[in-house]
Amino acid sequence: KQEVNVKEIQLLTNEEASHLLVKSIKPNFKTLGPKFGKDMKTISEAVAKLGNDDIVKLESEGKITLDLSDKSVELELEDFEIATKDIPGWTVASNNLLTVALDMTLTDELISEGIARELVNRIQNLRKDSGLELTDRIKLVVKKEDKLENAINKNKDYICSETLADELIFSADIQGGTQIEIDDLVTEISISKT
């Protein structure tokens, strides 16, 4: 979770995921054409009637039997092109056996955490550029800016812990500060060894 910046992971079986992820299916004409040339229209019509549960079963068993008007045919997973439809607010990626869905909804809390992580990154770079040792404790001064101040206050312990800041203060005017930009926020910060 930490490596990919994800808050929570839920592992779902195909059956559980079938209620959340809507899949679409169509015939793979490259494999089916040579095998069933004249029956392709009938097969396409049968495939169009397959529902989410049929697709889940096909993916787990690797084959499915389709009833055509005059006969039944058994088709394999490679005979189909299966895709997961987009869910509003989610990004979905899939290969034949695994589907990953990321909830991309940004809450105020997540936005604040993102700002705090970006600020930590800028401070760490400034520490390095200033020649500070890894264990040096610092005083951190940040130019007052409401949105930034709110995000910092919500994540102050994290920021201080990650940057070894003994003191974090806001100031309307910073002398000799470094201008930084986080998303659409432009501010100044200053660090000094304590």
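Details
- Cβ pairs under 6 Å, 6+ apart, first in the range 99-121 and among the polar types (S, T, N, Q), second modelled with pLDDT under 95 and part of a helix (DSSP H, G or I): S112/A151
Yes or no, residue by residue, for (1) among the acidic types (D, E); (2) in contact with a Leu (Cβ under 8 Å, 6 or more places away or on another chain); (3) within 27 Å of V6 (Cβ to Cβ):
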position: I111; (1), (2), (3): no, no, yes
position: I115; (1), (2), (3): no, yes, yes
position: D136; (1), (2), (3): yes, yes, no
position: L140; (1), (2), (3): no, yes, no
position: K144; (1), (2), (3): no, no, no
position: T187; (1), (2), (3): no, yes, no
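- The listed residue being touching a residue at least 40 places away in the same chain (Cβ under 8 Å), on the phi < 0 side of the Ramachandran plot, part of a loop (DSSP other than H, G, I, E, B) and not small (G, A, S), out of L126, L132: L132
- Where strands (runs of 3 or more DSSP E) sit wholly within the range 1-119, those with at least 2 residues that are at pLDDT 85 or above occupy 23-27, 63-67, 72-76, 80-84, 99-103.
- Condition met for I159 (surrounded by 14 or more Cβ atoms within 10 Å (Cβ to Cβ) and at pLDDT below 95): no
- Taken together, D103, D79, D70, D166 contain a single residue that is open to solvent by 40 Å² or more (accessible area, probe 1.4 Å) and under 32 Å from the mean Cα position of the chain (by Cα), which is D103.
- Residue list for the range 143-172, filter: assigned to a loop (DSSP other than H, G, I, E, B), out of contact with any Lys or Arg (no Cβ under 8 Å at 6 or more places or on another chain) and not basic (K, R): E145, N155
Yes/no matrix, rows are residues, columns are (1) free of Cβ contacts under 8 Å to residues at least 12 places away in the same chain; (2) of a type outside the set (S, T, N, Q); (3) in contact with an Asp or Glu (Cβ under 6 Å, 6 or more places away or on another chain); (4) surrounded by 12 or more Cβ atoms within 10 Å (Cβ to Cβ):
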residue: E8; (1), (2), (3), (4): yes, yes, no, no
residue: V22; (1), (2), (3), (4): no, yes, no, yes
residue: N28; (1), (2), (3), (4): no, no, yes, yes
residue: K38; (1), (2), (3), (4): yes, yes, no, no
residue: K49; (1), (2), (3), (4): yes, yes, no, no
residue: I55; (1), (2), (3), (4): no, yes, no, yes
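The values are calculated or read from the model by the stated rules, or taken from the named source; none is laboratory data. Only a predicted model underlies this, so the values are computations on that prediction, with no experimental measurement involved. Positions of Cβ are backbone-derived with ideal geometry, glycine not excepted, and every protein chain shown enters the neighbour counts. These accessible areas exclude ligands, DNA and RNA; they are computed on the full protein's heavy atoms, side chains included. Shrake-Rupley method; radii C 1.70, N 1.55, O 1.52, S 1.80 Å.
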